[in-house]
Amino acid sequence: MNKLKVLMFGWEYAPIVSGGLGVVCRSIAQNLIKQNVKLTFVLPRLPSKISVDNMTLINANETQYHVQADTIIEIETQISPYMSKKEFEEIKNSLRLKREAGDSNDMYGVDLFEEVIKYAARATEIAANNPHDVIHAHDWMTAQAAINARSVSNKPFILHIHSTEIERTAGSPHPIIFNYEKEGMLKADKIIAVSERTKEIISDSYGIDRNKIEVVHNSVDDCSTNLDSNTIPENVSPSVLFLARLAPSKGADYLLRAGQKVIQVMPDVKFIFIGKGSMKDELVDLSRELGIEDNVIFPGFLNHEQVDMAYKRASLFVMPSISEPFGITALEAIRNGTPVLMSKQSGAGEVVRNVLKVDFWDTDEMANKIMAVIKHKTLASELRKNSINELQRLNWEQQTEKIIQIYHTL
């Protein structure tokens, strides 16, 4: 039987990521290959130090590589499609100054939309030179590329929505990005949404027929953990962990306000905010205004090994998102044996039920649940044990099988 051939358009690929998208794309790609799919993966630029398993990687701006396991390609990336307007302007100005000083080796142009257009323009050539049975594109940045590819091959096109502009901006979408998304959704033969919550938004806010949308929840690569390795020594201060972009939709400010209430009762509790983003200065200032700056730590960006260690050392992981299409960090926390408190506005709550949940705005209840987990060791232990059992039933092999079934329906 001939292998199913998939032409996949993505914007990032782990380990160099700006969010969860690169990690998810790597997991999907690796599991498609394991299930005998011939995969060609197109990126706008090949990220640095990338290691993949026997698939064709295409750098849309330069050339094509057939990458065997453990091959390293070193190219840097700077522009992210999930940056806030403020962050994008800072990068843009930095690149302009470098260029004026004659010290610029830009991996992307200074305009994200220009890069999206250039990426899409290469898609027709790539589609013509790489035989495929189906086109699979991830999020708005690659939608036009997939549309262009289909104009050449006339093969079915699937748009995989990991987050919408409605969700990322808490209901204040950038009109250009919104239009890119909507055009991609209208022209796709099928849409994959990462949660029922995101499916509802696609249907209600973008006017897409619900029958066109299939839900495939995210997972994590390794769904097993040694709970004995997650016992926190008695003499270590309890800590609450947040891990996400420091952006308005992630709700870090609500966690800080809940943190103030916790610290009034439990003054030794530390709150750790891992990540970078446009709200960093605002959050630092807020911690001072609340009088809790000595209990709040902003370590910035950490690598995967450091993040796993942070999960293991935390008493509780909190995901207080105002709007979260899925929230793969909740699964990562569970995998590392960390109890989880998430907002009721998070898609991951559809597949993991042995977690605590709260409305993001209810900082009193958020504080009460944080203190309950820290105070009651039995509650923390039960959350760890029961959530990891749930996670083991949600693995990427099963989720990828659902994606392949969608391919075959087309």
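The values are calculated or read from the model by the stated rules, or taken from the named source; none is laboratory data. All values reported here derive from a predicted model rather than from experimental measurement. Neighbour counts run over all protein chains shown; Cβ positions are idealised from the backbone, glycine included. For accessibility, only protein heavy atoms count, side chains too; no ligands or nucleic acids. Shrake-Rupley method; radii C 1.70, N 1.55, O 1.52, S 1.80 Å.
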Hits in the stretch 189-222 (condition: part of a helix (DSSP H, G or I), touching a strand residue (DSSP E or B) at 6+ places or on another chain (Cβ under 7 Å) and among the aliphatic types (A, V, I, L, M)): 202
Mind listing just one residue for me: the one in the stretch 294-326 that is of a type in the set (Phe, Trp, Tyr) and open to solvent by less than 20 Å² (accessible area, probe 1.4 Å) and, of those, modelled with the highest pLDDT? 317
List the number of the failed condition for residue 384; all other conditions in (1) closer than 30 Å to residue 202 by Cβ; (2) open to solvent by 30 Å² or more (accessible area, probe 1.4 Å); (3) in contact (Cβ under 8 Å) with a residue 40 or more places away in the chain hold. (1)
Within the stretch 174-188, does at least one residue satisfy the condition of being closer than 19 Å to residue 403 by Cβ, open to solvent by 10 Å² or more (accessible area, probe 1.4 Å) and not in a loop (DSSP other than H, G, I, E, B)? no
Residue 365 versus (1) at pLDDT below 95; (2) surrounded by fewer than 17 Cβ atoms within 10 Å (Cβ to Cβ): which is the lone unmet condition? (1)
Take residue 239 and decide whether it is at pLDDT 95 or above, out of contact with any helix residue (DSSP H, G or I) (no Cβ under 6 Å at 6 or more places or on another chain) and open to solvent by less than 30 Å² (accessible area, probe 1.4 Å). yes
With criteria (1) more than 18 Å from residue 60 (Cβ to Cβ); (2) part of a helix (DSSP H, G or I), residue 147 comes up short on (1)
